[in-house]
Amino acid sequence: MKKFVALTALAFTFATASAFAESLTGVVADEMCASNTAKASSPAHAACAAKCIKGGSAPVLVVGDKVYKFADPAKAVAFAGKKVTVDGTVEKDTITISSIK
């Protein structure tokens with residue numbers, strides 16, 4: 001019985017570990033241009049990102065070659081084209097923002 005309880009607890013731990021808190025630093029870009037991560041994260045692209053996000057393109061976080069979607073994109077709109085550090089919970093390619101600065 002003790003082994004069963006221990007295995008159940010271990011399985012539960014792995015099942016809930018899929019989402020974890022993380023701190024990511026990158027650039028808030030528009031989803032359309034983020035397919036080219038080098039372009040989307042360059043300082044020259046900041047005005048374009050701000051314009052596209054204001055026009056309705058979803059904001060995303062570009063960290064190196066990885067692109068993260070925001071679960072709550074409205075929190076990132078004010079940071080369009082800027083380098084930020086986002087603290088939040090990451091699950092697959094989506095981050096839920098706890099803080100952004």
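Of the residues in segment 74-86, how many are assigned to a helix (DSSP H, G or I) and either of a type in the set (G, A, S) or touching a Cys at 6+ places or on another chain (Cβ under 6 Å) (or both)?
Residues that pass the stated criteria total 2.
Would you point out which residue out of P43, P59 is closer than 14 Å to G26 by Cα and exposed (fewer than 14 other Cβ atoms within 10 Å of the Cβ)?
P43
Among the numbered criteria (1) of a type in the set (D, E, K, R); (2) in contact with a helix residue (DSSP H, G or I) (Cβ under 6 Å, 6 or more places away or on another chain); (3) within 14 Å of E22 (Cα to Cα), which one does K92 miss?
Unmet for K92, out of (1) of a type in the set (D, E, K, R); (2) in contact with a helix residue (DSSP H, G or I) (Cβ under 6 Å, 6 or more places away or on another chain); (3) within 14 Å of E22 (Cα to Cα): (2).
Select from segment 62-85 the residues that are small (G, A, S) and closer than 22 Å to A21 by Cβ and write down the one among them that is surrounded by the fewest Cβ atoms within 10 Å (Cβ to Cβ). Reasoning before the result, please.
Pass one, segment 62-85, residues small (G, A, S): 64, 71, 74, 76, 78, 80-81.
Keeping just the survivors that are closer than 22 Å to A21 by Cβ gives 64, 71, 74, 76.
Working: G64: 11, A71: 14, A74: 9, A76: 23.
Among residues in segment 62-85 that are small (G, A, S) and closer than 22 Å to A21 by Cβ, the one surrounded by the fewest Cβ atoms within 10 Å (Cβ to Cβ) is A74.
Every number here is computed from the coordinates shown, using simple stated rules; none is lab data. Being a predicted model, the structure only gives us computed values, none of them experimental. Ideal geometry is used to build each Cβ from the backbone, glycine not excepted, and the neighbour counts take in all protein chains shown.
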